[in-house]
Amino acid sequence: MLVTFTTDAYADITMFGDDALAMLKMMGHSGTVPGAILAADVPQALSRLTAALAAQQDASPPAEDEDAEEPVVSMANRAQPLIELLTAAAKADRNVMWK
């Protein structure tokens, strides 16, 4: 499953479903798809997401798999496009939706 985040203030962001649902829960949302955050609630959702990512990164850095050919991508790196979208939406006072 893919989840696409949209707002009038930024380009659409598409993520894998598992990552998107985890980030929605970090923002304090139930994780239902489709869904939305009202413009007034976007700054708080952004704050919750960044705090949860910081706590997660401090708690356990990603373990490198010596046998894997591809590097491990942290949740903080995966969340960066969503953080940029939420920041733009907060600055422009726009709603954020996902489907």
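The values are calculated or read from the model by the stated rules, or taken from the named source; none is laboratory data. Everything quoted here is computed from the prediction, not taken from an experiment. Here the Cβ is made from the backbone with ideal geometry for all residues, glycine too, and neighbour counts use every protein chain on show.
When segment 63-95 is filtered for residues that are β-branched (Val, Ile, Thr), closer than 17 Å to residue 19 by Cα and either buried (at least 16 other Cβ atoms within 10 Å of the Cβ) or modelled with pLDDT of 95 or more (or both), only 83 remains. Looking across segment 28-63, the residues that are touching a helix residue (DSSP H, G or I) at 6+ places or on another chain (Cβ under 9 Å) and under 13 Å from residue 97 (Cα atoms) come down to 29, 31, 32, 33, 35, 37, 39, 42, 45.
Beta carbons closer than 9 Å, at least 6 apart along the sequence or on distinct chains, pair a first residue in segment 81-99 that is farther than 14 Å from residue 8 by Cβ with a second that is assigned to a helix (DSSP H, G or I) and among the polar types (S, T, N, Q) for 83/50.
Can you find a residue that is surrounded by 11 or more Cβ atoms within 10 Å (Cβ to Cβ), more than 25 Å from residue 1 (Cβ to Cβ), at pLDDT 95 or above and within 14 Å of the chain's Cα centre (by Cα) anywhere in segment 45-53? Yes; the residues of segment 45-53 include at least one that is surrounded by 11 or more Cβ atoms within 10 Å (Cβ to Cβ), more than 25 Å from residue 1 (Cβ to Cβ), at pLDDT 95 or above and within 14 Å of the chain's Cα centre (by Cα).
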